[in-house]
1. Once Lys and Arg get +1 and Asp and Glu get -1 on their Cβ, which of T308, V250, A74 lies farthest toward the positive end of the dipole of the chain?
2. Of all the accessible heavy-atom surface of the chain, with the other protein chains kept in place and a 1.4 Å probe, what percent is carbon and sulfur?
3. Starting from the Cα-Cα distance between F312 and A35, subtract it from 0.36 nm times their residue separation and give me the gain in nm to one decimal.
4. Give the shape of the stretch 99-172 as rounded, prolate or oblate, defined through the alpha-carbon gyration tensor: a ≥ b ≥ c are the square roots of its eigenvalues, a/c under 1.5 means rounded, and otherwise the shape is prolate if a/b is larger than b/c and oblate if not.
5. Which of the listed residues, Y162, A216, G105, is farthest toward the dipole's positive end in the chain, when Lys, Arg count +1 and Asp, Glu count -1 at the beta-carbon?
6. Quick check: convex hull of the Cα atoms in the chain, volume per residue, rounded to a whole Å³?
7. For N16, list long-range residues whose amide hydrogen, built 1.01 Å from N in the peptide plane, is under 5 Å from its own amide hydrogen.
8. Please work out the average accessible area per residue across the stretch 26-91, using the 1.4 Å probe convention, and give it in Å².
Amino acid sequence: TQPDHPAPPVVNLGGNFVAYLRVWERHVIPEVDEALLEPALGGPDTTTRTQTVWQLHLHQLAGAIPDCEHIADALPDSGGAGFLRARSQPPDPTEDVCQVPPTAGYRRLENQCYRVEIHRGSQSAGGPTFKWSRDNGSIVYPIERIEGGDRAVLEHLGRDDYRSLVEGDLVELIDDGVDLAQTAQPLSEVKQRKVADLEVTLDPVPAAGFPAHPHAYLRRWDHRDRPEVTIDAGAIVLQEDQWIPLESGVEVQFRTGGDYRTGDYWLIPARTIMGDVLWPVDGQGDEASIFVEPHGTNRSTCALGTLTAGNFTDCRPTFPPLTELDNQ
């Protein structure tokens, strides 16, 4: 009955466990909470919001039960040691001193905020994959229902031509269960759309029973038609220690030895007036950009106590209320 954990796993309590909280900041959009929209302005969203999510989890112990002083050492490793850097494409070298090298850098006509997000984590079979959006993953389409297993009837197909969902687009199917479990399903391609019916046909088809929870929607990602990368289950296979092109001169590189988690993301602002991306650098040259940790999702854990044979040992630190503190 946890409000932020709609589908907790079934646990056989025949063992020793550490009970702990998993806490993170969840990005909340109007498709999840309509109360975020301002009715006085006709319904537009005016800002972004985050929700502090907490979930109670149990971690089974393989060895001895720790005392409260050492309980934090028994928590599962949260990982998240992946690093990424970004740059705009450098010009091609030329040996002709009389020839001006072609212009490289960021080449789109609009300012963008690229979001690079881990789709499948390092611990998953097949290794990590990622996806990217030039609009910070902000373009979504609420789902009214799934028909025939492969057809999604939507509330709209996009508010304008730029945001319109078209054939060939890659979309991710999300509901509260997927979002709060911090998991990711295979990305689907829009194979056909019927504008009059607000309907799109998806391949691969949504998982059986989707959506199982409220607030289902499609999120559009922009890495379609990229022959220079390897695609697995709709996402890009993460190759470490090499520059991977996104589009229009924007490139990213993942550092060797990273441990990536589903939902880790980096934001890369690209600016037309500079013809470049806004990214920290150290020095000058093509390799000046530095590796940074994910900009999110910020995750934390907190040990509560141990559970064995149905008996709970409370390890939470306590302190008296302010009204009972000794003035001395």
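1. Value: T308.
2. Working: 9000 of 18180 Å².
In the chain, the share of accessible area belonging to carbon and sulfur is 50 percent.
3. Answer, rounded to one decimal: 95.8 nm.
4. oblate
5. The listed residue farthest towards the positive side: A216.
6. With only Cα atoms used, the chain gives 232 Å³ per residue.
7. Amide H to amide H, under 5 Å and 5 or more residues apart or across chains, N16 pairs with L61.
8. 59 Å²
The values are calculated or read from the model by the stated rules, or taken from the named source; none is laboratory data. For clarity, every value in this text was computed on a predicted model and none was experimentally measured. As a convention, Cβ positions derive from the backbone with ideal geometry for all residues, glycine included, and neighbour counts pool all protein chains shown. The area values use the complete protein model at the heavy-atom level, side chains included, leaving out ligands, DNA and RNA. Shrake-Rupley method; radii C 1.70, N 1.55, O 1.52, S 1.80 Å.
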